[in-house]
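Participant: Input: one structure, supplied below.
Laboratory data are not the source of any read-out in this text; all were calculated from the coordinates shown. The model shown is predicted, which means the values in this text are computed figures rather than measured ones. Virtual Cβ from ideal backbone geometry, glycine too; neighbours counted across all protein chains shown.
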Amino acid sequence: MMVREIAARYLGEGGTIRVDADPEVLAALGRAGPVADLGDGVGTSQGDVVLIAVDPLADNLTDRLLGVSTQGVTVLLHLPVAVGDLPVGRLAQAAGMARLAFVEIAPIEPGWSLRTVIVCRPSPRPVPVRPFLGDDSAGDDHEVDLDSQGLRIGWEWGLGSARARAVEELGRTAVRRVGQLERELVEVRGELEKELVEARVELQQELVEARRDLKTAHEVVQRAESRAIAEAQRRAALQQSPSFLVGRAVLTVRRHPIRGLRQLTGVIDRGTRRPPDPPAPA
Amino acid sequence: MSTPEPSQHGRLGVDEAIAFWDERHLQHGDLLSGGDLTYDHCTNEAFYAMRLGRLLDIIGASASAVAPLRLLDAGCGKGWFARALTRCGHQVDGIDTSETAIEECRRSAVGSDRYMVSRLDAWAPTCFYDAVVAVDVLFHLMDDGVWRDSVVNLAALVRLQGLLVLVDHDAEADHLWGEYQVTRSRQGYLDVVQPLGFRYLGFHPYRFRDNAAGFHVFRRIA
């Protein structure tokens with residue numbers, strides 16, 4: 001619902017919309033009716049709508065409401081909060097002290113700006129309440145039996161507020177349960193992380209030991225390889241030595257005399273042959 | 001709904017009616033199962049749109065994302081109106097006796113709309129509604145006792161200054177149209193609803209071709 005719709009709904013014949021609000025609210029009134037500044041010195045009269053911007057948390061809330069509570073006008077309180085955030089206690093107390101009776105409450109479009117208008121009338125007694133988000137077809141207020149309406153309000157308020165408390169308690173219980181589960185989750189996660197750290201340390205120690213063993217094994221292998229290479233070199237040198245060759249030729253003589261003697265002769269020849277003289281210097 | 005020829009077989013029993021509508025929701029599509037079988041698909045589309053417009057005229061065109069109207073679509077069928085009203089920013093509950101229809105409603109939900117299997121005379125939520133609507137449902141309650149209990153129960157769910165919107169003909173007398181449709185007189189509704197703290201705001205006819213139905217609108221004032 002828009003501000004101009006509500007103002008127009010309650011504007012009486014010949015009435016004026018008297019405003020004490022910021023320019024944005026003033027602009028929102030559009031063509032709802034004749035508009036005047038509440039502070040222009042002209043008093044309010046029957047059929048007027050008094051639209052005031054109200055900070056529900058202000059210290060002077062009651063005084064502000066008392067200042068506009070004059071018979072015959074409809075008071076529109078423009079609040080810069082969403083319906084769900086209304087400080088109901090402060091508002092109900094201030095409105096009661098100012099003898100303002102509740103008529104209607106409406107969230108103001110567009111919804112993203114989160115504003116609310118509360119409609120009330122100066123009256124020491126209850127007045128006909130209007131439908132939430134209703135249009136102008138609510139009918140004639142004079143047909144409303146205020147005593148019956150009061151009974152009904154009492155029932156709806158009693159049952160509804162008791163249920164609201166129970167629902168809120170359910171919500172709080174659910175929140176507490178969620179909190180408890182989250183704490184348990186943190187504990188479990190902490191235990192798991194501790195176990196993980198311990199396992200990691202243990203694993204690192206095992207890794208260090210394994211590396212050390214590997215290094216030792218590597219050194220053993222290297223030494224063995226060195227020994228094997230030296231052994232092979234020694235064997236090669238031995239197999240090329242004259243005594244080995246002579247011995248092998250002697251063994252061959254025993255099995256194949258002619259071939260053995262030929263080998264023996266060759267070995268002796270190679271052993272006794274002088275190396276060639278180096279070339280004479282030029 | 002269509003206006004079937006008078007039946008020689010009397011009225012459907014309560015359980016028969018529930019089975020009849022469940023089967024109808026199973027056999028027919030979204031529009032026909034809850035619309036008028038004598039209209040074709042396109043006409044039913046217009047029929048639904050027209051009724052929605054009339055309904056919005058009655059419950060008001062204002063909505064609030066932060067504090068929506070709470071509505072009950074009693075006998076929601078496959079939920080066409082409930083979904084449309086949800087899209088308009090309202091928080092809608094839909095109830096119907098047909099499990100088939102409610103399953104379809106849940107599959108097709110568009111937001112905060114909720115659906116439950118329940119008879120109209122048995123639905124007992126923990127909250128009040130700003131408006132309770134029963135579109136083309138009550139004249140399918142063949143048992144007068146069930147009809148009365150349903151109207152009384154739906155009225156009980158309406159909060160102060162809330163609306164009770166019941167569709168029927170605006171006739172002087174009850175009329176049996178067939179085994180699954182009986183319209184009740186205007187006075188019959190007034191006699192049941194007004195003592196419950198409601199003021200009668202009038203009859204809003206569909207004004208759709210030759211359909212004689214429309215909305216009886218009541219507002220709770222006490």
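Participant: Spin-label point model (7 Å from Cα, Cβ direction): what's the A:Leu159 to A:Ser123 distance in nm?
Facilitator: Spacing of the two 7 Å Cα→Cβ label points: 2.4 nm.
Participant: Under 5 Å between amide H atoms, partner at least 5 residues away or on a different chain: which partners does B:Phe215 have, H built in plane at 1.01 Å?
Facilitator: B:His204, B:Tyr206
Participant: Still on this structure, please answer the following. List the GluC sites (Glu not before Pro) within region A:1-85 that DSSP assigns to loop and that have no more than 16 neighbouring Cβ atoms inside 10 Å.
Facilitator: A:Glu13
Participant: Any idea how far apart A:Leu192 and A:Asp85 come out in nm if each label point goes 7 Å out from Cα toward Cβ?
Facilitator: Roughly 3.8 nm, to one decimal.
Participant: Using a simple charge model, +1 on the beta-carbon of Lys and Arg, -1 on the beta-carbon of Asp and Glu, nothing else, what dipole does region A:175-250 show about its Cα centre, in debye to the nearest 20?
Facilitator: Here the size comes out at about 620 debye.
Participant: Taking beta carbons within 10 Å but only from partner chains, what does the mean come to for residues B:60-73?
Facilitator: That average works out to 5.
Participant: What average count of beta carbons from other chains do you get within 10 Å of the Cβ of residues in B:129-139?
Facilitator: 1
Participant: On a C-alpha basis, how far is the centre of region A:53-124 from the centre of region A:189-221 in Å? Whole number, if you could?
Facilitator: If we compute the Cα centre of each part, the gap is 72 Å.
Participant: Mind checking region A:219-282 for trypsin sites (Lys or Arg not before Pro) that DSSP puts in a loop (not H, G, I, E or B) and that have at most 12 other Cβ atoms within 10 Å?
Facilitator: Those satisfying the criteria are A:Arg273.
Participant: Further question on the same structure: Counting other C-beta atoms within 10 Å, and keeping those with at most 16, which DSSP coil GluC sites (Glu not before Pro) do you find in region A:126-231?
Facilitator: Listed in order of number, the matching sites amount to none.
Participant: Also, I was wondering about something else. Which one, B:Ala155, B:Leu26, A:Gln180, projects farthest toward the positive side of the charge dipole computed for the protein assembly as shown from Cβ point charges (K/R +1, D/E -1)?
Facilitator: A:Gln180
Participant: I want the local charge near B:Asp191. Using Cβ-Cβ distances under 14 Å, sum +1 for each Lys or Arg and -1 for each Asp or Glu among the other residues.
Facilitator: Neighbour charge sum, excluding B:Asp191 itself: -1.
Participant: In a GNM of chain B with a 10 Å cut-off on Cα contacts, which of B:Thr183, B:Thr126, B:Thr38 has the highest mean-square fluctuation?
Facilitator: Greatest mean-square fluctuation among the candidates belongs to B:Thr126.
Participant: What does the charge dipole of chain B about its Cα centre add up to, to the nearest 20 debye, if the Cβ of each Lys and Arg holds +1 and the Cβ of each Asp and Glu holds -1?
Facilitator: Computed about the Cα centre, the dipole is about 1020 debye.
Participant: Also, I was wondering about something else. Can you find, among A:His218, A:Ile17, A:Pro122, the residue farthest towards the positive end of the dipole of chain A? Put +1 on the C-beta of Lys and Arg, -1 on that of Asp and Glu.
Facilitator: About the Cα centre, the residue reaching furthest to the positive side is A:His218.
Participant: At a Förster distance of 60 Å, what's the computed FRET efficiency of A:Arg4 paired with B:His28, Cβ-Cβ distance as r, to 0.05?
Facilitator: 0.85
Participant: Another question about this same structure. Roughly how big is the protein assembly as shown's charge dipole about its Cα centre, with Cβ charges of +1 (Lys, Arg) and -1 (Asp, Glu), in debye to the nearest 20?
Facilitator: Charge dipole, the protein assembly as shown, about its Cα centre: 5020 debye, nearest 20.
Participant: From the P(r) of region A:152-282, can you give the percent of Cα pairs sitting at distances over 22 Å?
Facilitator: Tail of the P(r) past 22 Å holds 77 percent of the pairs.
Participant: State, to one decimal in nm, how far the label point of B:Val66 lies from the label point of A:Gln222, with both points 7 Å from Cα in the Cβ direction.
Facilitator: So the label points at B:Val66 and A:Gln222 sit 7.9 nm apart.
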